[in-house]
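Reading through the structure tokens given below for one structure.
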């Protein structure tokens, strides 16, 4: 049973300065920030060496100036590490982790849908939840997208007047 | 001569002919729904008429008033013929069954074989109806009905024909007569045959556990998915008629038909027996889950056909030697 | 062989699916060779909507993510917000949350058992199970004021108390339910038609269950002993003793049995929680001024692990609120199981994961409230839409 | 055949459904139905309108002169308004049959001048 501190130490030993902003919010909840270049490596290290075999989900969010991805990984179904990374808003690209965690394939498609992040190496990066005719460049969860822009996408002119 | 013809016509059209049978079918549907409801801890139909007895009629009229849609992919000719045939075949076949007494309205040597043939034709109609609808669900449903036929056809025919062996006749009227003369029921000598017949009839009538052709959760309404309005009304009525036809056939073949019982008139006796079989089938339908199509075929060939052959040997030993 | 492959589309409207979702199955004969899911038909845009509502209003929005596990979602939401604010719900509130959560689990599992019976064509059993489920629904209505959206949770506690009178009613109802379930277990285990359709169908071994990150009863039916209630305790679960039901077969039948036995376990949990119920306040007064922070909250919903992630930026609305419902986690494994099975087994397997598609899809929402006009007629909508389309 | 006996037992058992419009069971005590404003108590602070998660409450005017419009078709019956009201001017009724043909008939207006609740 590794403690929260031990996990952070071993992460820091392995990746050094590319791991920062470590917060242990409460028992079993750890928030870590990592450089985007090591995300794939860090996740596969944590899965294979530290026993984080469960990827709960990937949260994508728009923090204003840049986009953020949060990988929630779980060890022994109890210790949750939220690995955060920042990516640029104009050219959002990051390595896909779908070969480390199979389920990531689905979660990455969701993030691609709502934020437009391109996952490099993803086997099938296509729409997951938005309709097929949704505009390519309209990513609903970005902060600059207003409710008006994503509201009422029904073509009423095609509906006959009674 | 003229009056005789008129009486015969009245018999054919009113009692015990078409009108009587159709009313009986509505009543049977109500009874089946009510009993299913009570078994499932529900009320069943309860608003129309006394305890909802008019509900099947109300449904029928409602369906008649609904829009009749023919899919563009459907084969128009067969799509229109199937419901009519599906309704009229069992209705016509009813005149072969001696409900009221001594003789059926129509009888001839070999009418049992004719009845067997009608049951097979009905399944072919199901296949045809499904195939002519042009919808994927209907086609799968029709195909499943045809596949299922491969399984139950042989034991069904066997068990239908066994009662003819002791009676020495292929006429239904003669078989019932034979049972009365010997004051016995065929079921005592041939219980296995009765079991096989009930099982195969469940499959023929597409009732659970053999309702794969219209498995709701897999293929919507199966072969009848695309039918609507008056066609659906006819199909539903036809289904009830077929169910009644099957129960009256079983009661005639195995339970002694209209045979005298206490002081009751023969028509009451035969109706009582008919509804006993009917309720047995409804009850069986309610207490099972659905088999898969491959499991049905395997089960039919593995168990029912050997059983049918055993029954044949028993019958042969008693009467044949 | 590509010539003989037929594409069968299940959904978005299909009787095997109680909610709209589409699965494109490529079949050869009666066997499935490839499955492509297409989700998003009940995508309501809840995550975006949450960013535009206050924390208090979001509590009720979170409740409406799912109708069946509404309490699981609000518990998760309340915990996340409490974490953001660094407050703890009082112990009595935690016990009350546990009791409602377990009642909800019983009702959800029974609902599912009925549906699986319906999928194998056994409508009578479906009616029996749903009849017995009414007892729980009535209890929940009595306790919380509504059959489905209980609105029991508040930020910092619960809204209604369970007094002695209601506790007695719960115990009485549980007795009836327990007797019924115990009667059904041997029936399910011996009824041939059910066994034929479920034993060995939809097999998932324990290695794959871990590899595909399967959660909830589906993982436990494959022998993976994972349960957030024990491993990552929340509410009052760390003070209660209970077993985690697991089975090793990994087929649809073991999924049935795991869920049925879990309802019995839930009954015991409620009894223990009622007997241990501490006295005290049921909620703490909180001021909804939330500092910038982030929180991860996990709950064992009836369908498995539910995870919420919240981030606040100091305003009265969350900066980001993420919900991942258990069905989405099981979707990858589901598609894998479906490959190679018979077409007739597809509904049973689909039902086997107890899918809840409304939970799975969230996001865009039609929100007219920010407009100035109060009531919109259809005509207004049309005009608005035409103008909108001309502009863009 | 496991369910044969159970099925037979159920024929004799009282059915668990009812003929709804003829026989009906009321909701239990504490059921969250339609909220009702007690105009005498209302001080017109507008808190209920602000916290309502679905904006089902509109308030016009100020203080004791305020008029409250309650939109039944938007209401989700969460009873948060009842809980938030500082002067306990909102009560929850046990009513639950709200189906109607016209949305515009589902608005209730609570106004000092008219005192009683009116359908708008």
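Values quoted throughout were computed directly from the atomic coordinates according to the rules given, and no laboratory measurement underlies them. These figures come from a predicted structure and were not determined experimentally. Please note: Cβ atoms are built from the backbone with ideal geometry, for glycine as well, and neighbour counts cover all protein chains shown.
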From the Cα centre of the range C:154-195 to that of the range A:90-136, the distance in Å is 42 Å
Partner shielding of B:278-291, taken as the mean number of other chain Cβ atoms within 10 Å, equals 6
Quick note, the range C:140-266: a/c under 1.5 would make it rounded; otherwise a/b > b/c is prolate and the rest oblate (a ≥ b ≥ c, C-alpha gyration tensor); here it is oblate
Treating every alpha carbon of the protein assembly as shown as one equal point scatterer without solvent, the Debye formula yields log10 I(q)/I(0) values at q = 0.07 Å⁻¹ of -0.72
Sorted largest first, the C-alpha extents of chain A along its principal axes in whole angstrom are 69, 29, 28
Packing-ranked peptide list from C:270-281, C:137-148, D:43-54, highest mean Cβ count within 10 angstrom first, is C:137-148, D:43-54, C:270-281
Binned at 10 Å starting from 0, the alpha-carbon pair-distance distribution of the range B:56-158 in whole percents comes out as 13, 32, 34, 18, 3, 0
Taking alpha-carbon centroids only, the range B:1-42 lies from the range B:124-199 a number of Å equal to 22 Å
Placing one equal point scatterer on each C-alpha of the range B:141-250 and summing with Debye, one gets log10 I(q)/I(0) at q = 0.18 Å⁻¹ equal to -0.93
Between residue B:120 and residue B:303, the two model label points (7 Å from Cα along the beta-carbon direction) sit apart by a distance in nm of 2.6 nm
With a Förster distance of 56 angstrom and the Cβ-Cβ distance between residue B:2 and residue C:225, calculated FRET efficiency to the nearest 0.05 equals 0.05
Rounded to one decimal in nm, the spacing of the 7 Å Cα→Cβ label points at residue C:172 and residue D:60 is 5.0 nm
Nearest-0.05 FRET efficiency for residue C:275 and residue C:180 at R0 = 22 Å, using Cβ-Cβ distance, is 0.45
Partner shielding of C:44-54, taken as the mean number of other chain Cβ atoms within 10 Å, equals 3
Residue A:13 and residue C:265 label points (each 7 Å along its Cα→Cβ direction) are spaced in nm at 3.6 nm
Rg/Rh of the range D:27-119 (Cα atoms, Kirkwood Rh), to two decimals, equals 0.94
Rounded to the nearest 10 degrees, the helix A:4-15 long axis (Cα) sits at an angle to the longest Cα principal axis of chain A of 80 degrees
If each part is reduced to its alpha-carbon centroid, the range C:64-130 and the range B:298-321 end up apart, in Å, by 54 Å
Protection proxy (average C-beta count within 10 Å per residue), highest first, orders C:302-308, A:38-44, B:5-11 as C:302-308, A:38-44, B:5-11
Chain D: relative contact order from alpha carbon pairs under 8 Å, six or more residues apart, as a whole percent, is 27 percent
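Just tell me how shielded C:123-133 is by partners: mean number of partner chain Cβ atoms within 10 Å of each residue's Cβ, no decimals.
Whole-number average of other-chain Cβ neighbours for C:123-133 is 6.
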Nearest-0.05 FRET efficiency for residue B:136 and residue A:118 at R0 = 41 Å, using Cβ-Cβ distance, is 0.65
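Using only alpha-carbon positions, what ratio does the radius of gyration of the range B:71-320 give when scaled by 2.2 N^0.38 Å?
1.02
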Taking C:189-199, B:58-68 and ranking on average Cβ neighbours within 10 Å, highest first, one gets C:189-199, B:58-68
